[in-house]
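The values are calculated or read from the model by the stated rules, or taken from the named source; none is laboratory data. Predicted model only: the values in this text are computed from it and were never measured. Quick reminder, even Gly has a Cβ in these numbers, built from the backbone with ideal geometry, and neighbours come from all protein chains shown.
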Amino acid sequence: MIKLIKNELYKIFHKKVIYIVLAITLGLFIVVNGIDCILEKPTLDENIQLTENKIKSYEESQSTDTIEYFYNKADLESLKIIKEKDIKEESPEEYYVKSTINSLYVDYFNLTYNKQTELAKKAKEDLDNAINKLNNFDWKEIVKEKIDEEQAKQCDDKKCEAIKEETIKVLNYRLNHNIPYSTNDASSELDIYLSNYSTYLDKQNQKDELLTRYDILQKQNNTKDVKEIQYLLENELYTNDYTLRSAGLNLLNYFTEPFLMTIVILLIISSTIIAEEFNKGTIKQLLVKPYSRTKIIISKMLATLITTIVFAFTINILLTIIEGLFEGNLITIFNSHAVYDFTNNSVIYISYIKESLITFIYSLPEIILLGIFVFAMATLLTSSAFALGLGFGAYLSSDIFMMLLERFKFLSYMPTVNYNLSMYMYGNLPSSEQLSLTKAIWVDIVSFIILFVLILIVFNKRDIKNQ
């Protein structure tokens, strides 16, 4: 049996199509990443020019009474301050200008346009004071001011008290771990966390049986977002170096669902490995060897699966390396991250590499069932082209069936909506209430058995005299 598998692997890895697909994929990926690097985001001067053109367009069309006009004027003044004071990108000063000063400019322009003289005068004083703070800027003083404001806040309900307590905790965390307000991912995530925390408190009192499926999924996503950041805060794992741009995350995304080119290779091999034997007449030479037909067909299926797995790992790792090199974050492939596990309602801290391997195992049924389906069609029809077409049709049907699932509930028993089990990892709920992990496993098992038995029956009964 092992000798048969080795022989099949030898034949597969001598197919030029595998290396052509690999080369095309890597080439296109390098070109796309290269273009992204060339087409860098606009410079500060370009943004100033762009904003000036927008303002000019408003003025020429006499649309200066819209809030968008005031926002663009505020953006222009903010950009000019950043340029004049040579403020660095993603610095606390840049964030202060783009948030606080920008907002004060909007108020001032709005009040001036509406001729609210006294209020406009007060707004101008506040604006000047804010700009003057840039001369001796200390972001920690701003955070301390916010802490004082929160502590002075009077609350009339438990929700308000909880939000107040959490806000003060996050502000103190910023001070103690040197995370200033800025436009980087670390600071932005903390702001988003406090926003999500308010929603989280509201949703915790909602009973799932009274919610729609969409609302349940929203509640789950909100819980996940809040609990994961809480874990990072509580274990002091959250630093100013935190970034959403991670090579480890890219690796995980590639392993979450089979890459398109992996599917292409799978379908090509599955559709040709048996059909070519009949078309070229080599099936006779194969069957005269001292192996049963069952062993021959199983060896071909195993060789196809092994090749697809090897190709998947190769392409996923190479794409991660290429993207990591372009983005300059390849070392982050060894990082870990927090994941909320709904099966035991706790957060786990897992490496991207380990999670990628687990995720790939969960997605294996998709590769196995697609492969064996095409294999069955090729065995039945002895036509690689027809089997390949049916394979692509089955692959593309997944998204179509998912969209029609709520209207046609019987589609929940189709293999193509059940073969990727990664959606159920960590106790996550599927998008449709018609689906479940138990149903998915049984559908996958039954589908595999039916196709496998069909292949054995057809191949063992096929007359090869005229082949």
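Is it the case that some residue within region 363-386 is within 17 Å of the chain's Cα centre (by Cα) and either in contact (Cβ under 8 Å) with a residue 60 or more places away in the chain or over 27 Å from Leu28 (Cα atoms) (or both)? Within region 363-386, one or more residues are within 17 Å of the chain's Cα centre (by Cα) and either in contact (Cβ under 8 Å) with a residue 60 or more places away in the chain or over 27 Å from Leu28 (Cα atoms) (or both). The criterion of being over 25 Å from the mean Cα position of the chain (by Cα) and surrounded by 15 or more Cβ atoms within 10 Å (Cβ to Cβ) does not hold for Met402. The set of residues from region 320-357 being of a type in the set (Phe, Trp, Tyr) and surrounded by 15 or more Cβ atoms within 10 Å (Cβ to Cβ) comprises Phe326, Tyr340, Phe342, Tyr352.
Within region 61-102, the set of residues being small (Gly, Ala, Ser) and modelled with pLDDT under 85 comprises Ser61, Ser63. Which of the residues spanning region 62-76 are of a type in the set (D, E, K, R), within 38 Å of the chain's Cα centre (by Cα) and surrounded by fewer than 19 Cβ atoms within 10 Å (Cβ to Cβ)? Across region 62-76, the qualifying residue is only Glu68. Among the residues of region 388-415, those that are more than 19 Å from Met261 (Cβ to Cβ), part of a helix (DSSP H, G or I) and in contact (Cβ under 8 Å) with a residue 24 or more places away in the chain comprise Met402, Lys409, Ser412, Tyr413, Pro415.
You will find that of Glu59, Glu84, Glu89, Glu93, the residue that is out of contact with any strand residue (DSSP E or B) (no Cβ under 7 Å at 6 or more places or on another chain), outside the structural domain of Ser188 (by TED's automatic domain parsing) and either loosely packed, with under 10 Cβ neighbours inside 10 Å or small (Gly, Ala, Ser) (or both) is Glu84 and no other.
Within region 182-204, the only residue that satisfies the criterion of being of a type in the set (Gly, Ala, Ser) and not in a helix (DSSP H, G or I) is Ser182.
Of a type in the set (Asp, Glu), more than 38 Å from the chain's Cα centre (by Cα) and assigned by TED's automatic domain parsing to the domain that holds Gln230: is that true of Asp126 in this structure? Criteria not met by Asp126. Pull up region 325-362, narrow it to residues that are in a strand (DSSP E or B) and aromatic (Phe, Trp, Tyr), then point me to the one that is nearest to Gly34 (Cα to Cα). Looking at residues that are in a strand (DSSP E or B) and aromatic (Phe, Trp, Tyr), I get Tyr349.
Pairs linking a residue in region 428-452 that is under 23 Å from Ile297 (Cβ atoms) to a residue that is among the aliphatic types (A, V, I, L, M) and crowded, with 16+ Cβ neighbours inside 10 Å, with Cβ atoms under 7 Å and 6 or more positions apart or on different chains, are Asp444/Leu369; Ser447/Leu369; Phe448/Ile368; Phe448/Leu369; Phe448/Ile372; Leu451/Ile372; Leu451/Ala376; Phe452/Ile372.
Checking Asn253, Asn178 one by one, the residue that is modelled with pLDDT of 85 or more, surrounded by fewer than 19 Cβ atoms within 10 Å (Cβ to Cβ) and in a helix (DSSP H, G or I) is Asn253 and no other. Report every pair of residues separated by at least 6 positions or lying on different chains whose Cβ atoms are under 7 Å apart, first residue within region 221-248 and assigned by TED's automatic domain parsing to the domain that holds Glu323, second acidic (Asp, Glu) and not in a helix (DSSP H, G or I). Partner pairs satisfying both residue conditions: none exist. On the stretch given as region 205-220, residues that are outside any helix (DSSP H, G or I) and touching a residue at least 12 places away in the same chain (Cβ under 8 Å) total 1.
Screening Met261 with (1) under 20 Å from the mean Cα position of the chain (by Cα); (2) hydrophobic (A, V, I, L, M, F, W, C); (3) surrounded by fewer than 17 Cβ atoms within 10 Å (Cβ to Cβ) gives one miss only, at (3). When Phe29, Phe70 are checked against the criterion of being free of Cβ contacts under 8 Å to residues at least 60 places away in the same chain and in a helix (DSSP H, G or I), Phe70 stands alone in meeting it.
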